[in-house]
1. Taking the criterion of being surrounded by fewer than 23 Cβ atoms within 10 Å (Cβ to Cβ) and in contact (Cβ under 8 Å) with a residue 40 or more places away in the chain, would at least one residue in the stretch B:79-91 satisfy it?
2. With the requirement that a residue be under 21 Å from the mean Cα position of the chain (by Cα), surrounded by 20 or more Cβ atoms within 10 Å (Cβ to Cβ) and more than 15 Å from B:Leu38 (Cα to Cα), what does the stretch B:541-550 give you?
3. Residues that are closer than 28 Å to B:Trp551 by Cα, at least 2 per element: which strands (runs of 3 or more DSSP E) completely within the stretch B:1-81 meet that?
4. Could you say which residue among B:Gly253, B:Gly262 is modelled with pLDDT under 90 and in contact with a strand residue (DSSP E or B) (Cβ under 6 Å, 6 or more places away or on another chain)?
5. When you go through A:Cys85, A:Cys48, A:Cys20 one by one, which is the residue that is assigned to a loop (DSSP other than H, G, I, E, B), within 14 Å of chain B (Cβ to nearest Cβ) and crowded, with 16+ Cβ neighbours inside 10 Å?
6. Tell me yes or no: at least one residue of the stretch B:456-478 is in a helix (DSSP H, G or I) and surrounded by fewer than 23 Cβ atoms within 10 Å (Cβ to Cβ).
7. Given the criteria more than 14 Å from chain A (Cβ to nearest Cβ), surrounded by 24 or more Cβ atoms within 10 Å (Cβ to Cβ), of a type in the set (Lys, Arg) and not in a loop (DSSP other than H, G, I, E, B), does B:Lys213 qualify?
8. Can you find even one residue in the stretch B:117-132 that is closer than 30 Å to B:Leu543 by Cβ and of a type outside the set (A, V, I, L, M)?
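The values are calculated or read from the model by the stated rules, or taken from the named source; none is laboratory data. Nothing here was measured: the structure is a model prediction, and the numbers come from that model. All Cβ positions, even for glycine, are placed from backbone atoms using ideal geometry, and neighbour counts span all protein chains on display.
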Amino acid sequence: MLVPGAEFPHLCAQCEDYPCVRACPTSALSVSEYTGAVLVNNKACTACGKCITACPGRVPHMHPIEKRILICDLCDGDPQCVRVCREGGWNVFKKVTRREQTYSLYARKPEEVTQDLCAKFYGEKGEDFV
Amino acid sequence: MIEGYAGKFLEANLSSGKTKNVRFDDEVLRDYVGGRGLAAKILWDRLGRRWEKAKPLGPENVLLFLTGPLTGYYPGGRICVSGKSPQSNGVVGSTVGGEFGVELRCAGYDGIIVTGQSEKPVYLFIKDADVEIRDASKMWGKDAKQTMTLLTRECRELLRKRYPLFGEWREPAMLYIGPAGENLVRTAVVAAKWAHAAGYGGYGAVMGSKKLKAIAVKGTGQLPEAANMKKTEKLIQELCDGVYENELWRRWGTGSGGYEVGAKMSSEPVRNWQDEWHDEKSFGVDKFEDRVWVKQCWSDFGCPTNCLKVSVVKTGKFKGAITDNPDYELQAYLGTNLGIFTPEGNVYMASIIDDLGLCGIQTGNVLGFAAELYQRRILIEDDLDGLKLKWGDAETFGKLARKIAYREGVGDVLAEGTYRAALKLGKMKRMDLLPYAVQSKGISIGAHGIRSGKDYPDIISYACSVQGGDHTSTAGLPLDGGGSELMEIFNDSGVYCNFNVFGVRRNFRFEFYKAVTGLPLTRKEWCNKRAIKTLQLQRAMLLLGGPDLKWKPKADDVNPPRFYEPLPSGPYKGKTADRSAVKEKIKEYYNAAGWDANGVPKSKTLKGLGLDDVDDAMRELRT
């Protein structure tokens, strides 16, 4: 939330080409065959931060205490965020099957998303807030 | 150490620029819990002996930002801001929503104690154990939205430079003041986000007097561990399930109260409380949805209620006004109370008030007060710097609000709050203007009237409350009942949102307290042994008052005179508060709270609670 009101989930979009996995020098990252999510091997991760730079949306972030990277693993196919969102009746999140689509389009930096949201909510003035 | 607490408090002395960690004994934390209760205790310990001499806006005042053990666990975490209030000259526990409390606890602190006074504008930057007092001259003088933008940018830049490998930082949570606080306006707020504010008490002015523009905190740790996490999770789930069923606030925001309990029950202020009834169909909540809402679900961290909505005026003369909901209080005080009956005008007023860092309730009250004086030709255009203060004219009211925030012309007088402004203007005009001031002990009455008797406050709610006209802390009998002030003290001391206690089981909050801290607590024990201590401390400090203002015991425990005028219209026409009934009930309340016939806490009561030093200070007042 860079601007109040313009909150949004900043999560991994599972791009088809997985730039983070390719950028990993220690092969700590892999792709789950079942969900398509990026899995982190905590033992192999050296916290070099190359995946953050490689990601078009700068989605991965470092664990604040331990030396390893954090990427959404879709909770092994049962995402808890979707569960609570449904339960609360907000219905923002939804589980979808993987289709032919350019998923990397959804991997965006928070500033870009906020700018769009602000323009949508607050009108032309909105972009100045970011 | 009691579980559920981070264990340490941060003390920042702005005069010397030094910070240190402070700890409190387990007994203190057990008795006063946190937030409002602990604030009363800390203030008494630090200022007690010289309370009457301590200036609320001087360097000797202590400004407190305290969380409680339930902040972050109980859905809807808040932070309690306190100190010696520049409005009532007592202690007010003023809470504000947002992520600040949770972030602070994740950073490893239970609260912040600010002392001294800085020479140049500063802000506090806290990242876990790193605490820094940084220069804020760039943000000084800026309005709310600009302050937040500048601060967010600066903090994110700072974090990015210090931790280059981390990835994207979520921005820190912040509390700040607007121009009103900088200019020491007594109705200034401590704000969070754009439109969240701790208004009652006027602590924005205290922050301004200390030249503390903002506090930004980023915590990357965990919340302090709960004693019984499984039970806590279960209770959170139970609360959420209950809230999901309640559509009133989830769907319509607290503004739905504006129609359901306010307008329909005839308890909403209309034209400075001259009336409490209106049938303007243009002001129902559904009109807000159609015309100004751009986002329907918005809540702070972990809150299932999501009573916040985002409102924007996109076209017309108020174009570009942004605020949240506005909630019920602002719909009433910046709408009907000023004779404004259009959602656009209301959103415009709310957005101006937010930008200036003023309190919507109390500034609305002052504006209404001024407008009534104009209506009665007590104030004329020359007194108001040429402003024609007609009911319903949002633009003019906006101009006057700006004058108040910058203390220009007539704004300088009105910036003192309703009570002090009434005294000052009364002196100028040589007449008694207090009958037009709807306040109790310097604090404006919340937008819930008592005349129709259909809303939740009781006839003595405001008169006997230790926080004056605060509608979130209303006195009621019996003392261990649901409408009692002692229960409000629990909400403000555990520090969570009091909107999330509606519809839960009677002892739910005490069960929650036990699950988090591991200490058993019954309603009886809370009322008879713990909360009552906070109540006595607050009452004692309120009566001590000073230096510019001192409340007379009993004589000032009254409803504003307006509440004895019969309602002029609506379904409850002619109803009013009954003077003899009020008197009788006040007597009863004094008795229940252990106060003597004048409302001063009895020696026996105080000694029984172990507050011997308070008893010494009360001795002079008893004679």
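1. no
2. B:Leu542, B:Leu543, B:Gly545
3. So the answer is B:63-66.
4. Numbers: B:Gly262 fails: in contact with a strand residue (DSSP E or B) (Cβ under 6 Å, 6 or more places away or on another chain).
Criteria check complete, one pass: B:Gly253.
5. After ruling out the rest, the residue left standing is A:Cys48.
6. Within the stretch B:456-478, none of the residues are in a helix (DSSP H, G or I) and surrounded by fewer than 23 Cβ atoms within 10 Å (Cβ to Cβ).
7. Here the answer is yes, as B:Lys213 does meet what is asked.
8. Within the stretch B:117-132, one or more residues are closer than 30 Å to B:Leu543 by Cβ and of a type outside the set (A, V, I, L, M).
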